[in-house]
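See structure below.
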Amino acid sequence: MTRHARNNTASACYTYHERQRDTQNSGYGTIKERLAKDSVGDFDACCLTLQPCRYPVVTPEGFLFDKEAVLEYIIHKKAEIARKLKQYEKDKKKHEMEMAELAEAEEQTKAEKFSNMERGLINPSTLNGSSTSNDISKPGPSSEKSVSNMAKGLEKKLPSFWIPSLTPKDESKDPLKAPDTTIRCPMSGKPLKAKDLIPVNFTPVDPSLTREQLIAKQERYLCPVTRDILNNSVPCAVLKTSGNVVTLDCIERIIRKDMIDPTNGKPLKEKDIIILQRGGTGFASTNKLESKIKKPVMQV
């Protein structure tokens with residue numbers, strides 16, 4: 001009996017291993033990959049730099065950013081929008097000039113035809129005779145409304161989906177579209193403004209440690225009310241009145257009873273409690289740790 005290694009592809013069924021191998025080699029089918037804990041960001045990491053925040057700020061949707069990184073992002077987007085607007089105005093002026101030239105050429109053609117008719121350069125009887133002969137040669141009213149695309153010279157205007165120059169275009173819409181001037185959050189896609197960013201205050205476990213020493217530790221911050229350690233597995237929220245980060249358990253058990261910030265005594269509203277978007281724990285039961293890339297399906 002021969003070894004299995006020599007007949008590993010002689011099976012009558014298409015095995016899972018062969019399907020996965022062919023998917024990776026051919027580029028067909030949906031590719032799935034399980035993300036490890038190293039691919040999940042920490043709860044105190046910036047959504048842009050993926051590093052612990054030096055000056056943390058949070059958006060109203062709960063996404064944490066480093067102040068320097070998000071301001072640089074906003075400035076870059078403003079410059080990009082200004083560049084797109086400048087190009088749009090340039091293209092708009094060019095389009096208007098082209099349309100004006102076409103309208104002028106059309107008016108000039110009409111004027112030349114009218115002038116030729118007035119001068120008698122074109123014999124009206126010839127036109128009438130040609131029209132009469134054309135009327136006689138026409139088959140009938142039933143065939144005038146033909147749906148064939150070969151009539152009236154349309155055979156030279158046939159669309160072609162595989163030639164870029166002959167691809168049909170939607171002429172009902174304006175080809176020039178004004179660019180979006182709204183700066184949007186890279187995580188949520190909602191409008192992002194610098195004035196809406198809220199400073200965040202993390203309470204360190206040991207205030208005597210420097211920032212470098214604090215980042216090197218696994219347990220860096222805690223809740224200022226309950227003194228619970230903050231990590232990826234603990235749901236947290238930011239109090240807008242003080243910027244302090246507390247646990248959701250503290251909010252449900254203590255803060256929601258009186259709706260008063262326990263760190264400074266200021267009254268709270270429901271919109272002042274911002275749920276912090278955490279990165280993940282590395283466990284599939286808590287977070288979605290499977291990434292998918294959808295590609296064309298190969299029928300076997």
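Scan the range 39-48 and give yes if some residue there is under 25 Å from the mean Cα position of the chain (by Cα), modelled with pLDDT under 90, part of a helix (DSSP H, G or I) and within 30 Å of T210 (Cβ to Cβ), otherwise no.
Yes, there is a match, as at least one residue in the range 39-48 is under 25 Å from the mean Cα position of the chain (by Cα), modelled with pLDDT under 90, part of a helix (DSSP H, G or I) and within 30 Å of T210 (Cβ to Cβ).
Looking at the structure I just gave you, is L102 in a helix (DSSP H, G or I), at pLDDT below 90 and not hydroxyl-bearing (S, T, Y)?
Considered against the rule, which asks whether it is in a helix (DSSP H, G or I), at pLDDT below 90 and not hydroxyl-bearing (S, T, Y), L102 comes out as yes.
Any idea which residue in the range 196-239 is surrounded by the most Cβ atoms within 10 Å (Cβ to Cβ), counting only those that are under 36 Å from the mean Cα position of the chain (by Cα) and hydroxyl-bearing (S, T, Y)?
Filtering first and then ranking leaves Y221.
Evaluate the following for T226: is it in a loop (DSSP other than H, G, I, E, B), of a type in the set (S, T, Y) and free of Cβ contacts under 8 Å to residues at least 60 places away in the same chain?
On the way: in a loop (DSSP other than H, G, I, E, B): yes; of a type in the set (S, T, Y): yes; free of Cβ contacts under 8 Å to residues at least 60 places away in the same chain: yes.
Judged against the criteria, T226 is a match.
Looking at E33 and the list (1) closer than 30 Å to V234 by Cα; (2) at pLDDT below 90; (3) part of a helix (DSSP H, G or I), which single condition is not satisfied?
Of the numbered conditions (1) closer than 30 Å to V234 by Cα; (2) at pLDDT below 90; (3) part of a helix (DSSP H, G or I), the odd one out for E33 is (3).
If you take the residues in the range 5-27 that are among the hydroxyl-bearing types (S, T, Y) and assigned to a helix (DSSP H, G or I), which one is modelled with the highest pLDDT?
Kept after step one, since they are among the hydroxyl-bearing types (S, T, Y), are these residues of the range 5-27: 9, 11, 14-16, 23, 26.
Adding the requirement that they be assigned to a helix (DSSP H, G or I) leaves 16, 23, 26.
On the way: Y16: 81, T23: 77, S26: 76.
My answer is Y16.
What pairs come out if I take residues in the range 194-222 that are without any contact (Cβ under 8 Å) to a residue 24 or more places away in the chain and pair them with residues that are part of a strand (DSSP E or B) whose C-beta lies under 7 Å away, six or more apart or interchain?
Between residues of the range 194-222 that are without any contact (Cβ under 8 Å) to a residue 24 or more places away in the chain and residues that are part of a strand (DSSP E or B), the close pairs are P204/Y221; L214/P204; E219/I229; L222/T203; L222/I229; L222/L230.
Which numbered condition in (1) surrounded by fewer than 16 Cβ atoms within 10 Å (Cβ to Cβ); (2) over 23 Å from I229 (Cβ atoms) is the only one that L48 fails?
Tallying (1) surrounded by fewer than 16 Cβ atoms within 10 Å (Cβ to Cβ); (2) over 23 Å from I229 (Cβ atoms), L48 fails exactly one: (1).
Being of a type in the set (A, V, I, L, M) and surrounded by fewer than 19 Cβ atoms within 10 Å (Cβ to Cβ) is the filter here, so list the residues in the range 252-271 that pass it.
Hits for the range 252-271 are I254, M259, I260.
Looking only at the range 48-69, which residues are touching a residue at least 40 places away in the same chain (Cβ under 8 Å), of a type outside the set (D, E, K, R) and either in contact with a Cys (Cβ under 7 Å, 6 or more places away or on another chain) or farther than 12 Å from D196 by Cα (or both)?
L48, P52, C53, Y55, P56, T59, F63, L64, F65
Among (1) part of a loop (DSSP other than H, G, I, E, B); (2) at pLDDT 90 or above, where does K195 come up short?
Answer for K195: the failing condition is (1).
The values are calculated or read from the model by the stated rules, or taken from the named source; none is laboratory data. As the structure is a prediction and not an experimental result, all values here were calculated from the model. Note that we place each Cβ from the backbone using ideal geometry, even for glycine, and neighbour counts take in every protein chain shown.
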